[in-house]
Amino acid sequence: MARPTSTDERAERMREQRRAEIIGVAKRLFASRGYHATSVSDIIDAAGIARGTFYLYFASKHNIFDSVLGQALHDLRACIEPVDLEPGATPPAGQLRDNIQRILRYVTGEPDLVALVLNPMSSDKEIIERIAAFEREAKALIETALHHGIELGLARECDVTVVTAAIYGALRGAIEHLVRQEGVPDLVHVTNELLAYTARGVVVAGLWPEPAK
């Protein structure tokens, strides 16, 4: 097979850039207007493209909505790096802190995505299910990381399903808190509070007895 030329690579980069730009426009419109109030024509006009260009990349409005959520999941996965226990690696707590900060930095830089997921402005069962599927995928990322932590001896044995739901809820709440704040969010402070909450909860050590098994 012939190796792609620099011209081919440049054309592919341009296609990916154009696709990402259209997704960005759609995400903004879906977040501000709602899914149903946004038409393909609205996306085309806001993106400044021809109708044929839109359909070159996306089959339908549902398809671009799925692409918005799919790109977000791809970006979230890229924020999470496996814990490295090799000699000389950053201590696990530091690596976990870095992962959380990358996630928070990403989502606070994506207010349209946060608005779309937290408040989709749609009663359409299909759209609600697509948002629910996105949340299930996000929880699956946490569950996988938790299982990995248990295997490495970095996390205690627990009911992974329950703890995953609790961690997801804490992250979701922290994200809502951050995106509603004015000014530049203090991601370091919020990350440290999340880590402290995850590791120690809110109870003073030794004050409460161990829960019954």
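The values are calculated or read from the model by the stated rules, or taken from the named source; none is laboratory data. Bear in mind that the values here come from a model prediction, so they are computed numbers and not experimental data. Glycine also receives a Cβ, built like all others from the backbone with ideal geometry; neighbour counts cover every protein chain displayed.
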Exercise. Which of the residues belonging to the range 182-213 are surrounded by 12 or more Cβ atoms within 10 Å (Cβ to Cβ), assigned to a loop (DSSP other than H, G, I, E, B) and not charged (D, E, K, R)?
Worked result: Pro185
Problem set entry | Given (1) within 30 Å of Gly153 (Cα to Cα); (2) free of Cβ contacts under 8 Å to residues at least 40 places away in the same chain, number of the condition Ser60 does not satisfy | (1)
Exercise. Given the residues Ala78, Ala31, Ala50, which is the only one that is of a type in the set (Gly, Ala, Ser), under 26 Å from Ile142 (Cα atoms), modelled with pLDDT of 90 or more and surrounded by fewer than 12 Cβ atoms within 10 Å (Cβ to Cβ)?
Worked result: Ala78
Exercise. Could we say that Ala166 is of a type in the set (A, V, I, L, M), closer than 25 Å to Leu69 by Cβ and free of Cβ contacts under 8 Å to residues at least 60 places away in the same chain here?
Worked result: yes
For this session: Output yes when any residue across the range 58-66 is touching a helix residue (DSSP H, G or I) at 6+ places or on another chain (Cβ under 9 Å), more than 18 Å from Ile127 (Cα to Cα) and surrounded by 13 or more Cβ atoms within 10 Å (Cβ to Cβ), and no when none is.
Result: no
Seminar exercise, completed: Only one of (1) under 29 Å from His36 (Cα atoms); (2) surrounded by 15 or more Cβ atoms within 10 Å (Cβ to Cβ); (3) more than 19 Å from the chain's Cα centre (by Cα) does not apply to Leu113, and that is (3)
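To keep it simple, each residue is scored yes or no on (1) under 25 Å from Val107 (Cα atoms); (2) among the aromatic types (Phe, Trp, Tyr).
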position	(1), (2)
Cys158	no, no
Val163	yes, no
Tyr168	yes, yes
Arg180	yes, no
Val184	yes, no
Thr191	yes, no
Val203	no, no
Exercise. For residues in the range 180-213 being modelled with pLDDT under 85 and under 18 Å from the mean Cα position of the chain (by Cα), which is farthest from Glu137 (Cα to Cα)?
Worked result: Pro185
Seminar exercise, completed: Inside the range 73-99, the number of residues satisfying the requirement of being farther than 29 Å from Glu21 by Cβ and hydrophobic (A, V, I, L, M, F, W, C) is 5
Problem set entry | the range 133-148 residues that are surrounded by fewer than 15 Cβ atoms within 10 Å (Cβ to Cβ), paired with ones that are among the small types (Gly, Ala, Ser) (beta carbon under 9 Å, 6 or more apart) | His147/Ala155; His148/Ala155
Exercise. Only one of Glu176, Glu126, Glu151 is free of Cβ contacts under 8 Å to residues at least 24 places away in the same chain and either surrounded by fewer than 16 Cβ atoms within 10 Å (Cβ to Cβ) or not charged (D, E, K, R) (or both); which?
Worked result: Glu151
